[in-house]
């Protein structure tokens, strides 16, 4: 599988950086919250279970539980930048390969290197918990065969789907977890 070609099919001319995707594809983007009442951070094991259940429920409504996913994660090339997120990515995913580089919007002398690796869905609960605890961030999982990008973040999950109709269908199906604001945030 040519990862670059597959990525370009879903997101031409944009790197795998979550906030860029939701800005570029607002008609394909949808967000769901992890916890009731838009609570951002879990405090109990019951809330962690809710977060994992919601993420798995929405994701597995779109893909097969055995789907071949590709995980993308950023790493700054600046050695002075604290990057616990990438270290945890390396522990969770063996042998990530370099996907490409992007110059930081904040400092043109710092590059953001994007890495990718195959991701097994059996690791999803661990990934979701690490994201909820802000240990991992800016991770994107792609199912290229289904045309789906999934970005778990510390308060919920973002999806980029193939088209507006699929986005609207998913939004309606899980409307109770959809943010209440008109912006979808």
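The values are calculated or read from the model by the stated rules, or taken from the named source; none is laboratory data. Predicted, not measured: the structure shown is a model, and the values here were computed from it. Using ideal geometry, Cβ is built from the backbone for each residue, glycine included, and neighbour counts are taken over all protein chains shown.
Within the stretch 32-51, being crowded, with 19+ Cβ neighbours inside 10 Å and within 25 Å of residue 120 (Cβ to Cβ) holds for 32, 34, 42, 51. Evaluation of residue 55 against the conditions (1) more than 18 Å from residue 131 (Cα to Cα); (2) in contact (Cβ under 8 Å) with a residue 40 or more places away in the chain shows that the sole unmet condition is (1).
When residues in the stretch 6-29 are screened for being in contact with a helix residue (DSSP H, G or I) (Cβ under 9 Å, 6 or more places away or on another chain) and closer than 20 Å to residue 137 by Cβ, 5 of them pass.
Scanning the stretch 1-31 for residues that are surrounded by fewer than 14 Cβ atoms within 10 Å (Cβ to Cβ), more than 13 Å from the chain's Cα centre (by Cα) and within 22 Å of residue 70 (Cα to Cα) gives 1, 2, 4, 5, 8, 9, 12, 13, 23. Restricting the stretch 120-144 to residues that are at pLDDT 95 or above and either assigned to a loop (DSSP other than H, G, I, E, B) or touching a strand residue (DSSP E or B) at 6+ places or on another chain (Cβ under 6 Å) (or both) leaves a set whose member that is nearest to residue 48 (Cα to Cα) is 128. Pairs meeting the criteria (first residue in the stretch 30-45 and over 8 Å from residue 156 (Cβ atoms), second residue part of a loop (DSSP other than H, G, I, E, B), beta carbons under 6 Å, at least 6 apart or on different chains) are 40/155. Among the residues of the stretch 66-75, none is identified as at pLDDT 95 or above and not in a strand (DSSP E or B). Close Cβ contacts (under 6 Å, 6 or more residues apart or on different chains) running from residues in the stretch 119-137 that are at positive phi and free of Cβ contacts under 8 Å to residues at least 24 places away in the same chain to residues that are surrounded by fewer than 16 Cβ atoms within 10 Å (Cβ to Cβ) and in a helix (DSSP H, G or I) are absent.
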